[in-house]
1. List pairs: first residue in the stretch 247-270 and free of Cβ contacts under 8 Å to residues at least 60 places away in the same chain and on the phi < 0 side of the Ramachandran plot, second residue acidic (D, E) and surrounded by fewer than 20 Cβ atoms within 10 Å (Cβ to Cβ) anywhere in the structure, Cβ distance under 9 angstrom, at least six positions apart or on different chains.
2. Working only within the stretch 10-46, note down all residues that are in contact with a helix residue (DSSP H, G or I) (Cβ under 8 Å, 6 or more places away or on another chain), in a loop (DSSP other than H, G, I, E, B) and among the aliphatic types (A, V, I, L, M).
3. Can you find, within the stretch 144-188, the residue that is modelled with the highest pLDDT among those that are over 27 Å from K242 (Cβ atoms), among the β-branched types (V, I, T) and out of contact with any Pro (no Cβ under 9 Å at 6 or more places or on another chain)?
4. Looking at (1) crowded, with 17+ Cβ neighbours inside 10 Å; (2) at pLDDT 75 or above, find the lone condition where G77 falls short.
5. When the residues of the stretch 6-60 are narrowed to those that are surrounded by 19 or more Cβ atoms within 10 Å (Cβ to Cβ) and in contact with a Leu (Cβ under 6 Å, 6 or more places away or on another chain), which ends up farthest from A105 (Cα to Cα)?
6. Among the helices (runs of 4 or more DSSP H) lying completely within the stretch 181-272, list those that include at least 2 residues that are farther than 18 Å from L112 by Cα.
Amino acid sequence: MIIEPIWGLSAHQHSFFQEFLKYCDINGKDVLELGGAMPSDLVIEYLGANSWTCVQSADYEAHRSDNQKPSPEKNDGRYRPVWANAEDFLESTKEQWDIVFSIAAFEHVLKLPTVARLLPKVLKVGGSLFSIFAPIWSGPWGQHFTGSVPERFGRPHGEWTTQLIFNGPWDHLIYGTTEYLEIYTAKFDREFAEELTYQTYQSPQISRLHFEDYRYAFGVGTNNYKFYGIFDLPVEKSVTLKAQYRIVTAKYGKRKYYKNFVSSGILIYSQY
């Protein structure tokens, strides 16, 4: 089913949700959304979900610096917004949903292994998990920046332009906090560099897990299991990228567990 971009979704939400519909039919289903709140008129009225429960973390929202904290819609019986950390909410329920759905959220969950362990018990027999999320910490642009870029730098504003233009690929993995601060002070100024450094290395908004950490946490589903990297950076097409890639792989070369540094995100689908 093709969903027209008329539901107030961002570009990446629309793209990710469209991918979700390739895997799951929500008509008549009870769905749990983790880390977001899709519009009720889309999921209930248009797509026909029997119920939709959306869980958002108040702890995460409290640390956002862009003042764009979403307000979930009111509970109307079939559509139920909940403010709670995912792990706390999952602990309190069992075999209640047909589908667990999450987009652009699992990279922010600090207790991700706990959430992954609890997910099977909240699904009905034969239930499905679908998640797609990016950017992850081990990818080329794994740091997150929330807030607008200061106008004094005269560049495009927004989170993604900061990720892709201002930060070099794998800078967050190659450098330590002091090096990062020095480099970005030279590029911009000390004030903005301090904010970038904090959000990159200290902010509790992101988990800083590697690709392989997610794969280990989610294990293998019982049926039709898919787990793979998305938005892979074509390192071989650029001499500069090759050089940066050699640096980051050499740094982690002695840690045989970590191998994937090209995938910016992950798609997971599993039936239980």
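The values are calculated or read from the model by the stated rules, or taken from the named source; none is laboratory data. Keep in mind that this is a model prediction, so the values were computed, not measured. Neighbour counts are summed over all protein chains in view; Cβ atoms, including those assigned to glycine, are modelled from backbone coordinates with ideal geometry.
1. Y257/E212; Y257/D213; K259/E212
2. I26, M38 - these are the residues of the stretch 10-46 that are in contact with a helix residue (DSSP H, G or I) (Cβ under 8 Å, 6 or more places away or on another chain), in a loop (DSSP other than H, G, I, E, B) and among the aliphatic types (A, V, I, L, M).
3. Taking the candidates together, the pick is T185.
4. (1)
5. Among those that are surrounded by 19 or more Cβ atoms within 10 Å (Cβ to Cβ) and in contact with a Leu (Cβ under 6 Å, 6 or more places away or on another chain), it is I26.
6. In the stretch 181-272, 190-201, 239-251 are the helices (runs of 4 or more DSSP H) which contain 2 or more residues that are farther than 18 Å from L112 by Cα.
Matching residues to (1) touching a Lys or Arg at 6+ places or on another chain (Cβ under 7 Å); (2) in contact (Cβ under 8 Å) with a residue 60 or more places away in the chain; (3) not assigned by TED's automatic domain parsing to the domain that holds E19:
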position: D213; (1), (2), (3): no, yes, no
position: N224; (1), (2), (3): no, no, no
position: G229; (1), (2), (3): no, no, no
position: V235; (1), (2), (3): yes, no, no
position: T240; (1), (2), (3): no, no, no
